[in-house]
Amino acid sequence: MQFTKIIVQDDLNAYKVFETLNARGVQLSTPDLLKNYIFSIISNENDISDDDLTKLDEQWSEIIEKLGEGNFTDFIRYHYNTKWKMVTKNELFLALRNVIGGRTEANDYLKSLFKYSSIYVSLINPEDSWWNDQGKEYIEAKPSINGIRLFNIKQPLTILLAAFDKFSPNEFVTISSYMYILSIRYNVICHLSPSEQESAYNVIATKISNGEFTRASHIKNSAEFRRLYPDDNMFKDAFEFHKMPSKQTAKKIRFILAEIENHNGGSCDYTKTTLEHICPYNPEQGWDEAFGDGINDIKDRLGNMVLISKDNLGRASFKEKKDEYAKSGFFLAKQVSSYHVWNLEKVNEHQRWMAEEAAKVWRVDFN
């Protein structure tokens, strides 16, 4: 076995070497790099016992086991951004070096990582067993967190991490709902800038951590939140012609449609439904006559999709489909059954109506 020894002037240069080697295919471990830095500070004066050092090492191993190395760098960045001015991954090690200058800071940082790691894992996996150990009040946050995670939206993690630590259970549930609603409006439908969003969330998270914001209402009424929140006109305009590629995102589409169903009195589990294209994804000639050259443009329109129990309609005509929709227990399908024909004009009309409903489903009322 051969080893290569690289001598550098300081920890920051060591990190730059580490990044360069990783970029060239020599896979080194971010957890190990940070661990070595923290432990070198803790043991710098050689007055820590072997037993205490072993306990710290076991604690570190438990953090890594919870997170997995693949989630570690994201976790320490989101954890950092809950407390201090936002940094990117490339800036992270230098930023940590600036806030962990001595043994006390290193010990406090390690304790904080240990505490927050369980919270982080539960936020990226709403089915994590950690939730079972929390008070029943927290369980009400799971649907909102599940909605955020389904769309793989990570920006809210800084706020949710800080809020879980500082807020009461009821306030945490409320802010989870606000973050979910804003995620649907801002990220899923309007496709607005995630970098601007992340910067604003960092400001909010630090205000939670330092005690300036103590309630969910403080966040929703903040300038940062309100600046990000797409108003009803913007949201409805974006929703009215919104497309989602159903072959890649069927689960997400079912979720959106189920939320509209449930807002209108339904009890719909999106995981137990089938996504139905009203005009089939691969239509036959009869449908071409109704849509003409625009038939390919409506395949992935939200207004051309409904939920049904079973996929047994295939390429049936609209008349055959609407009869089945009318008998179904689904609100949106029954709404479509009220149309006499199904063409581009009706898709536009229906999706315009859906946009109005969506603005009611995903809505934050401001004081």
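The values are calculated or read from the model by the stated rules, or taken from the named source; none is laboratory data. Keep in mind it's a predicted model, so treat the numbers as computed, not measured. Note that each Cβ is placed from the backbone with ideal geometry, even for glycine, and that neighbours are counted across all protein chains shown.
When you look at Tyr201, is it aromatic (Phe, Trp, Tyr), farther than 20 Å from Val87 by Cα, touching a Ser or Thr at 6+ places or on another chain (Cβ under 8 Å) and in a helix (DSSP H, G or I), yes or no? Against the criterion (aromatic (Phe, Trp, Tyr), farther than 20 Å from Val87 by Cα, touching a Ser or Thr at 6+ places or on another chain (Cβ under 8 Å) and in a helix (DSSP H, G or I)), Tyr201 does not qualify. Answer with yes or no whether Asp133 is over 12 Å from the mean Cα position of the chain (by Cα), of a type in the set (Asp, Glu) and within 23 Å of Ile76 (Cβ to Cβ). No. Residue check: is Gly314 under 34 Å from the mean Cα position of the chain (by Cα) and more than 30 Å from Trp362 (Cβ to Cβ)? Considered against the rule, which asks whether it is under 34 Å from the mean Cα position of the chain (by Cα) and more than 30 Å from Trp362 (Cβ to Cβ), Gly314 comes out as yes.
One residue is enough: does region 174-196 have a residue meeting the conditions in contact (Cβ under 8 Å) with a residue 12 or more places away in the chain and of a type in the set (Asp, Glu)? Checked region 174-196: at least one residue is in contact (Cβ under 8 Å) with a residue 12 or more places away in the chain and of a type in the set (Asp, Glu).
Of the residues Asn187, Asn125, the single one that is modelled with pLDDT under 95 and under 30 Å from Asp300 (Cβ atoms) is Asn125. Considering each residue of region 331-343 in turn, at least one proves to be within 27 Å of Tyr178 (Cα to Cα) and either modelled with pLDDT of 90 or more or surrounded by 15 or more Cβ atoms within 10 Å (Cβ to Cβ) (or both). With the structure loaded, tell me whether Lys310 is at pLDDT below 90 and over 13 Å from Pro280 (Cα atoms) or whether it fails that test. Considered against the rule, which asks whether it is at pLDDT below 90 and over 13 Å from Pro280 (Cα atoms), Lys310 comes out as yes.
Restricting region 223-242 to residues that are part of a loop (DSSP other than H, G, I, E, B) and under 21 Å from the mean Cα position of the chain (by Cα) leaves a set whose member that is farthest from Val173 (Cα to Cα) is His242. Applying the criterion of at least 1 residues that are of a type in the set (Asp, Glu) and in contact with a helix residue (DSSP H, G or I) (Cβ under 9 Å, 6 or more places away or on another chain) to the helices (runs of 4 or more DSSP H) found wholly in region 48-163 leaves 50-67, 69-81, 103-124, 136-139.
Of the residues screened, Arg301 is one that is under 35 Å from the mean Cα position of the chain (by Cα) and among the basic types (Lys, Arg). Test each condition in (1) outside any helix (DSSP H, G or I); (2) surrounded by fewer than 22 Cβ atoms within 10 Å (Cβ to Cβ) for Phe213 and report the one that comes out false. Condition (2) is where Phe213 drops out. Here Arg315 does not fit the description of being in contact (Cβ under 8 Å) with a residue 12 or more places away in the chain and buried (at least 16 other Cβ atoms within 10 Å of the Cβ). Among residues of region 238-264 being closer than 15 Å to Leu307 by Cα and small (Gly, Ala, Ser), the one that is surrounded by the most Cβ atoms within 10 Å (Cβ to Cβ) is Ala258.
In region 348-362, the count of residues that are in a loop (DSSP other than H, G, I, E, B) and either of a type in the set (A, V, I, L, M) or in contact (Cβ under 8 Å) with a residue 24 or more places away in the chain (or both) is one or more.
Only one of the numbered conditions (1) touching a residue at least 24 places away in the same chain (Cβ under 8 Å); (2) of a type in the set (Val, Ile, Thr); (3) surrounded by 14 or more Cβ atoms within 10 Å (Cβ to Cβ) is not met by Ile295, and that is (1). The number of residues in region 243-279 being in contact with an Asp or Glu (Cβ under 6 Å, 6 or more places away or on another chain), assigned to a strand (DSSP E or B) and over 18 Å from Ile184 (Cα atoms) comes to 1. When we screen Leu307, Leu275 for residues that are touching a helix residue (DSSP H, G or I) at 6+ places or on another chain (Cβ under 6 Å), under 18 Å from Ala355 (Cα atoms), surrounded by 11 or more Cβ atoms within 10 Å (Cβ to Cβ) and in contact (Cβ under 8 Å) with a residue 24 or more places away in the chain, the only hit is Leu307.
Taken together, the residues in region 246-272 that are closer than 21 Å to Lys321 by Cβ and in contact (Cβ under 8 Å) with a residue 40 or more places away in the chain amount to 11.
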